[in-house]
Amino acid sequence: MSGLTMTQLEEKAITIREDIIRMLEHAGSGHSAGPLGLSDVFTALYFNILKIDPKNPSWEERDLLLLSNGHCVPVQYAAMAEAGYFPVDELMTLRKLGSRLQGHPERTKLPGLETTSGPLGSGLSQAAGMAYVLKNITPNPHRWVYVVMGDGELDEGNIWEAAMFAGKNKLHNLIGIVDRNNIQIDGSTEDVMPLEDLKGKWESFGWHVQEIDGNNIESIIDGCSMARAITNQPSVIIAHTIPGKGVDFMEYDYHWHGAPPNSEQAKEALGKLRSLNGKITGEHE
Amino acid sequence: MIDLHLVENIGADDIKEDPIRKGFGRGLLAAGRQNENVVALCADLTESTQISLFKNEFPDRFIEIGVAEQNLVTVASGMTVIGKIPFTSSYAAFSPGRNWEQIRTTICLNDQPVKIVGSHAGVSVGPDGATHQMLEDIALMRVLPNMIVLAPADSVEAEKATIAAAFNDKPTYLRLAREATPVFTTAETPFEIGRAYVLREGSDITLLGTGTMTYQCLLAAQLLEKDGISAEVVHVPTIKPLDQGTILGSIHKTGRALSAEEAQAAGGFGSAIAELLSTELPTPLRRIGMKDRFGESGTPNELLKHFGLDGENIAQQAKEFVHNTPQYHKW
């Protein structure tokens, strides 16, 4: 999907952030920081990068996107709704009994999801499995496999098993995006379980590595283009994001990792989003 | 009773023996020849799990994962999204031992048709000892929604079970053993996922066997006959879903049940039978298996005897049971 200007993409990202705030407030539980931080990545993916057809989620030529850090699913649901996979109203059913929008994404519940995730660490392996088939068994050079991972998630050994496997098999059609927001539940990643030298780690596993501003849509699009141009290695994009981006009282604060806004906070957050954190004021205020 | 075409010399010393895992190897190869979407993944145990036969004929459809069982099942899960039918093989202690959560989330909750092969299950693994003698896998797998659990009795049945598993479109666990065990079924013996089979008719007690223990139940029945006890032997190669009709039909007739498995007596096959009986047909049930302890190093035969997982002990337990317990369902 392309054809939107950069301004339109940026506006879309704001809309997605608003959807996230309203969705979480209505649900009464869920994760704020990651989804807000990833809104630019998901806007870029669903509105520019991915070859998809929202009206045909099982299209056999589609690109594949996995969200390995499944707790960030509100951003994926919001992007999918805005892209036309299902009505935007349905976002208000998040985490409710009988909803297709489960608290953590489930493949069998919502067409358009490629996997179930939440427990962390298995998305990269699944993506690698898909990429392996598309490269070596039923070759199709026109399909790409993207997988978004959290940085805290990289504590999991399963991730590195997959990284080794992808490196060994030179899965160039596999593109990882790490949400490098430096937070996890118990605090800053570098206090809980330091990841640096993160770039060096991926490189030593045989991956091509880029580091980008994960809140800049143009950088995300360029980064993915560059990744697709790498023909002999899997690629990972370390996307530096601000957790809670767009809502100043949430930004950089790991306490918002697993908490939703209450109605007062949601109202304030929506105000921040619409006014670009207070940069725009209106006569009615 | 329908003719199940078992071999003639059950209980004889010269009965042919073959490892169950070799039946899997042949079955996987056959499935691979039938359908090009069948692929195989292994965690550095190609020879001993017998996935090597498939690898040699279809090297492009074989994926070496190395010693990384979590990656093993999750890579397989991903492959199903592109239409593949993956078999993953390792020892049961490691898969599902190590990667149970990934099986739960990416295979069962995703309802994807990955076939998890757990080889070297039970104490008959032998000298490697307790760490490698997986006894808890039946319990672990049967409590997972969407998972089919199979424990074939011999290598001939294992071949059929493997092919059936390849095309059932469900997550499936296939339990294999390391040592050569008696081959008592033949090519004509029926096998269908979800079916249990009455191998020998009797009237005093139903012996329910699964995997390697079914043959031991047949031996036990021969011993019991000498003591004037008529034992019915029911083979249950599909532990989940249980063939309730066949199992309940037999136990309703005999009024006494005894289950045998090369696994923990708690949580696995015997427990599944206990659950069924307590809901549908309360009947005294004796469960033969490992009594809440781990295995140890030894020769396979030594260990089976040591832990009571053989025909002699089954017969002994059954005899005591028959002498001490009234027959239910006769009023």
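All of the numbers you see were taken from the coordinates with simple rules; none came from a lab. Note that this is a predicted model, so its numbers are computed, not measured. For neighbour counting, all protein chains shown are included, and Cβ atoms are generated from backbone atoms with ideal geometry for every residue, glycine included.
When you filter the chymotrypsin sites (Phe, Trp or Tyr not before Pro) in the range A:180-285 for DSSP loop state and at most 10 other Cβ atoms inside 10 Å of their Cβ, nothing is left.
Projecting label points 7 angstrom from Cα along Cα→Cβ for B:Ser230 and B:Thr246 puts them 2.1 nm apart. Of all lysines in the structure, the ones whose alpha carbon falls short of 25 Å from that of B:Lys22, not counting any fewer than 8 places away in one chain, are B:Lys55, B:Lys84, B:Lys115, B:Lys160, B:Lys170, B:Lys240, B:Lys305. Largest GNM mean-square fluctuation across A:Val73, A:Val247, A:Val192, computed for chain A with C-alpha springs under 10 Å, falls on A:Val192. Counts of other chain beta carbons within 10 angstrom of each beta carbon in peptide A:157-163 average 5. For an R0 of 35 angstrom, estimate the FRET efficiency from the Cβ-Cβ distance between A:Ser99 and A:Asp248 and round to the nearest 0.05. Calculated transfer efficiency: 0.70. State whether the range A:183-273 is rounded, prolate or oblate according to the following rule on the C-alpha gyration tensor (a ≥ b ≥ c being the square roots of its eigenvalues): a/c under 1.5 gives rounded; otherwise a/b larger than b/c gives prolate, and the remaining case gives oblate. Oblate, because a/c is 1.5 or more while a/b does not exceed b/c. Label reach from B:Ile10 (point 7 Å along Cα→C-beta): in the range B:302-331, amide nitrogens under 15 Å belong to B:311-312, B:315. Sorting A:Met92, B:Met1 from the fewest to the most surrounding beta carbons within 10 angstrom yields B:Met1, A:Met92.
Could you tell me which trypsin sites (Lys or Arg not before Pro) in the range A:12-106 are loop residues by DSSP with no more than 12 other beta carbons within 10 angstrom of their beta carbon? Answer in residue order: A:Lys55. Between A:Lys267 and A:Asn56, the simple label model (points 7 Å from Cα in the Cβ direction) yields a spacing of 4.7 nm. Taking the 0 to 90 degree range and rounding to the nearest ten, how far is the long axis of helix A:263-274 tilted relative to the main principal axis of chain A, both from C-alpha atoms? With rounding to tens, the tilt is 70 degrees.
As a test of the definition: which semi-axes, in Å, follow for the range A:1-154 when you take the square root of five times each eigenvalue of its alpha carbon gyration tensor? Largest first, please.
Taking √(5λ) for each eigenvalue gives 24, 18, 15 Å, largest first.
For the range A:41-112 and the range B:290-306, what is the separation of their C-alpha centers, rounded to whole Å? When both Cα centres are located, 51 Å separates them.
Convex hull of alpha carbon positions in the range A:98-239: directionally averaged projected area 9.2 nm².
Which angle between 0 and 90 degrees, to the nearest 10, do you get for helix A:157-168 versus the longest principal axis of chain A when only C-alpha atoms count? That helix lies at roughly 50 degrees to the long axis.
Under a Cβ-Cβ cut-off of 15 Å, what is the net charge of the residues other than A:Val247 that fall near it, where Lys and Arg count +1 and Asp and Glu count -1?
-2
Here r is the Cβ-Cβ distance between A:Ser275 and A:Ser225 and R0 is 45 Å; the resulting FRET efficiency, rounded to 0.05, is 0.90.
So what's the angle, to the nearest 10 degrees on a 0 to 90 scale, between helix A:217-229 and the longest Cα principal axis of chain A? Rounded to the nearest ten degrees, it is 10.
One decimal place: the segment A:Ile14-A:Asn232 gains 74.9 nm when fully extended, by the rule 0.36 nm per residue minus the C-alpha distance. For the residues of B:76-89, the average number of beta carbons from a partner chain within 10 Å of their own beta carbon is 6.
When peptides B:72-84, B:292-304, A:210-222, A:157-169 are ranked by their average number of other Cβ atoms within 10 Å per residue, the highest-first order is B:72-84, A:157-169, A:210-222, B:292-304.
A DSSP coil position with no more than 11 other Cβ atoms inside 10 Å describes the following GluC sites (Glu not before Pro) in the range A:58-99: A:Glu60, A:Glu61.
Size estimate for the range B:40-178 follows the Kirkwood approach: the inverse of mean 1/r over distinct Cα pairs works out to 14.6 Å. Extending 7 Å from Cα along the Cβ direction at B:Phe167 and again at B:Thr299 yields two label points whose distance is 4.2 nm.
Given a cut-off of 29 Å, what percent of all Cα-Cα pairs of chain A lie beyond it? Considering chain A, 28 percent of its Cα-Cα pairs are separated by more than 29 Å. Neighbours of A:Leu9, meaning other residues whose beta-carbon lies under 11 angstrom from its beta-carbon, give a summed charge of -3 when Lys and Arg score +1 and Asp and Glu score -1. Basic side chains Lys and Arg get +1 at the Cβ, acidic Asp and Glu get -1 at the Cβ, and with that the dipole of chain A about its Cα centre reaches some 1020 debye. Taking every residue in A:140-146 and counting other chain Cβ atoms within 10 Å of its Cβ, the average works out to 1.
For the pair A:Thr108 and A:Lys199, a Förster radius of 25 Å applied to the C-beta separation gives a FRET efficiency near 0.10, rounded to the nearest 0.05. What shape does the range A:53-106 take by its C-alpha gyration tensor, where a ≥ b ≥ c are the square roots of the eigenvalues and a/c under 1.5 counts as rounded, a/b above b/c as prolate, and the rest as oblate? Taking the square roots of the gyration eigenvalues as a ≥ b ≥ c, the range A:53-106 is oblate.
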